[in-house]
Amino acid sequence: MKRKFLSALLLTTIVFINGCGSSRIPEDMTSPVPETQSEQKEETGSDSANLAETTDETKDMDKVQPEEQTQPEQGESEEVKEFIPTSPDASPAMLWEYDGYVDEAIEYYWRDDFLDTDYDGDGKTDRLLRSYTGDSDYCDYTIEFGNGKKLYVPHAVCTGFPHITGADTDMDGEKEILFTLTYDTSTDPFSFGNVYFYDLDSGVGEYREEELPLGRGNDDARTVMTDISRNDHTVTIKVPDLDFETDYELSDDALSSGWYDFAEPVSERTVCIAEIHNIDGKDTLFCYFEPLMKTGVLIGFELKYTDDGYVMSDPVFDAMPDYEM
């Protein structure tokens, strides 16, 4: 009887405690709710994907970085032009209406003369630019030196063919620039020409045309005064500035042409070709002119540099230039 009472009393006490609640929170309520394996895999996979994505982006940045470092600076050309050889059908006359760099004129017969040129001897490539608008018989030339200097040759006859040579004729350590125009397609190619000779003014760093003891003719041609007289077939040619005189025998065909009636025996003859010759170990300016038109006979002479400037000397009759028309 006591045992049953005690059991009932104990049961009543337990029910009373549960009904009134307890100040102690059960341990299972303070522990985090365990994740399922699928949830853990999804989160792990997401983290791995984010890490892989970040790693891939880093690798991509590493790949792009060298390209950014090798980008050309502003003003540099990104395009490398492919070399195009001169056309086998190239013509001299193509140049007459050409506008642009002569070394790019693939249809020009003498274009190869302007490839990889160094006129002033500084080891840098120099180029010739031709400017032609088509509204006149003249064009302009600009020599663009690799060191940034420029030399302008304005108002040149557009049917002339350019030639450029650099040489130190005054032995000052800087090369002078000889720019000439020849007229190879003319019926008398020796009857006309243009000669421009430039010296570098080291004080201002610019080229100026050198003073030469030659006359000035039409279209800025350089000239030599001649005195010609005829006695039947014999023509006497005098060149006062060279202290030169010689006789030349004309053929019957030449006499019958009427070219040699010499209504004006004293006349200026045009310097048609100028070259640089090595004479006695020195670069020397050498010029040619045709005293009698359409004969092809030339007189050559030196323009020798002295303390007083360039002087005419050492004439050669029936001289043959190195340049072949």
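In region 269-285, the residues that are of a type in the set (Lys, Arg) reach residues that are in a strand (DSSP E or B) with C-beta atoms within less than 6 angstrom, at least six apart or across chains, in these pairs: ARG269/VAL224; ARG269/THR226; ARG269/PHE289. Every test in (1) out of contact with any strand residue (DSSP E or B) (no Cβ under 8 Å at 6 or more places or on another chain); (2) part of a loop (DSSP other than H, G, I, E, B) is passed by ASP120 save one, and that test is (1).
The number of residues in region 224-250 that are assigned to a strand (DSSP E or B), at pLDDT 90 or above and charged (D, E, K, R) comes to 5. Filtered by the rule that a residue be within 18 Å of ARG111 (Cβ to Cβ) and part of a loop (DSSP other than H, G, I, E, B), region 141-164 gives CYS158, THR159, GLY160.
Matching residues to (1) surrounded by fewer than 20 Cβ atoms within 10 Å (Cβ to Cβ); (2) over 22 Å from the mean Cα position of the chain (by Cα); (3) at pLDDT 95 or above:
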{"position": "THR169", "(1), (2), (3)": "no, yes, yes"}
{"position": "ASP172", "(1), (2), (3)": "yes, yes, no"}
{"position": "ILE177", "(1), (2), (3)": "no, no, yes"}
{"position": "LEU181", "(1), (2), (3)": "no, no, yes"}
{"position": "PHE190", "(1), (2), (3)": "no, yes, yes"}
{"position": "VAL195", "(1), (2), (3)": "no, yes, yes"}
{"position": "GLY205", "(1), (2), (3)": "yes, no, no"}
{"position": "GLU210", "(1), (2), (3)": "yes, yes, yes"}
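Every condition in (1) part of a strand (DSSP E or B); (2) charged (D, E, K, R); (3) more than 30 Å from TYR138 (Cα to Cα); (4) in contact with a strand residue (DSSP E or B) (Cβ under 6 Å, 6 or more places away or on another chain) holds for GLU174 except the one numbered (1). Does THR133 fit the bill of being of a type in the set (S, T, N, Q), more than 28 Å from LEU292 (Cα to Cα) and at pLDDT below 95? For THR133, the condition - of a type in the set (S, T, N, Q), more than 28 Å from LEU292 (Cα to Cα) and at pLDDT below 95 - is met. For PHE317, the conditions (1) touching a strand residue (DSSP E or B) at 6+ places or on another chain (Cβ under 6 Å); (2) within 30 Å of ASP172 (Cβ to Cβ); (3) at pLDDT 95 or above all hold with the exception of (2).
The values are calculated or read from the model by the stated rules, or taken from the named source; none is laboratory data. This one's a predicted model, so the numbers in the text were calculated from it and none came from an experiment. As a convention, Cβ positions derive from the backbone with ideal geometry for all residues, glycine included, and neighbour counts pool all protein chains shown.
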